[in-house]
Amino acid sequence: MSQHISRKELKQDEFRDTLAHGAEAVMTHQRAAWIIAGIVVGVLVAVFGWRFWSERQTLKASAALDGVMKIYEARIRVPGEPEQPGEVTYVEEKNKYEDAAKKFGEVARQYGRTRPGQMARYYAALSLERLGRWDEAQRWLREMESSGDSEFAALARFNLAESYERTGKPDQAAALYRQLMEKPAVLVPKPLVMLALADNLSTRNPAEAQKLYEQIKKDYPDSAVADQADRALETLKL
């Protein structure tokens, strides 16, 4: 039998090899495409799953926050005065704010990554301030300040500064006000911060306070803060 392979047979073999390589390339490409498609589907499922879970958490947190707000805003009634159906009331303000601080804390711990959960931190601090528990209130505000949300952080920083003022730490309060002046926020506008800093400095550094009051009047004329600055200038002792 002849071992000689004709040119025609050689071309047929080359053609079959080409088809085989082509089929293998197609199969390899298809496998890669399916792998990529699987990864994409997995990512989409994770993204939409996280979004769905996050939205559900936010809804739960919002409902929980609304429930506690009824305590925070509850009416103080006279002993013996009847309650209205479904109304939340208290006889003593102290009990109201103790309950509110506890419940806000629970919402904040359970839903701390949501916006309602962050607001719960804020109201927990306010409730504790009403009880004179300043150290605990400041801890909540510092947690809110480091939450990552710039607006909530600014709100927490401003209230923390006010808390420092009320607890005999005016220098720490002034430092926070200066930070807020450099980076004002929608929730804490610059003129409000300027007025707070000027008030803070009015007895310790009246010359700087005067400059701030005058700057407020110049930059924000015909505003409520300008009116307050004008009244403060009348009583400022240089």
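Please treat every number below as a calculation from the coordinates, not as lab data. Values in this document were obtained by computation on a predicted structure and should not be read as measured data. Reconstructed Cβ throughout: ideal geometry from the backbone, glycine too, with neighbour counts over all protein chains shown.
Would you please give the FRET efficiency between Asn95 and Glu143, computed as 1/(1 + (r/R0)^6) with r the Cβ-Cβ distance and R0 = 25 Å, to the nearest 0.05?
Values: r = 25 Å, r/R0 = 1.00.
That pair, Asn95 with Glu143, gives E of 0.50.
Gap in Å between the Cα centre of segment 116-134 and the Cα centre of segment 159-206? Spelled out, the Cα-based centre of one part sits 19 Å from the other. In segment 52-167, a dipole from Cβ-located charges (positive for Lys and Arg, negative for Asp and Glu) runs towards its positive end, and of Tyr90, Leu65, Gly80 it is Leu65 whose Cα lies farthest in that direction.
Length gained on full extension, Asp230 to Ala175, computed as 0.36 nm times the residue gap minus the Cα-Cα distance: 17.4 nm.
Per-residue counts of other Cβ atoms within 10 Å, averaged by peptide: what ranking do you get for 200-212, 155-167, 103-115, highest first? Spell out each step's value before the answer.
Details: 200-212: 16.5, 155-167: 21.0, 103-115: 19.5.
The densest-packed peptide leads the list: 155-167, 103-115, 200-212.
Exceedance of the 26 Å cut-off in Cα-Cα distance is limited, within the set Lys183/Lys218; Lys217/Lys237; Lys169/Lys190; Lys60/Lys169, to Lys60/Lys169. Each label point was placed 7 Å from the Cα along the Cα-to-Cβ direction; for Asn205 and Gln57 their separation is 4.2 nm.
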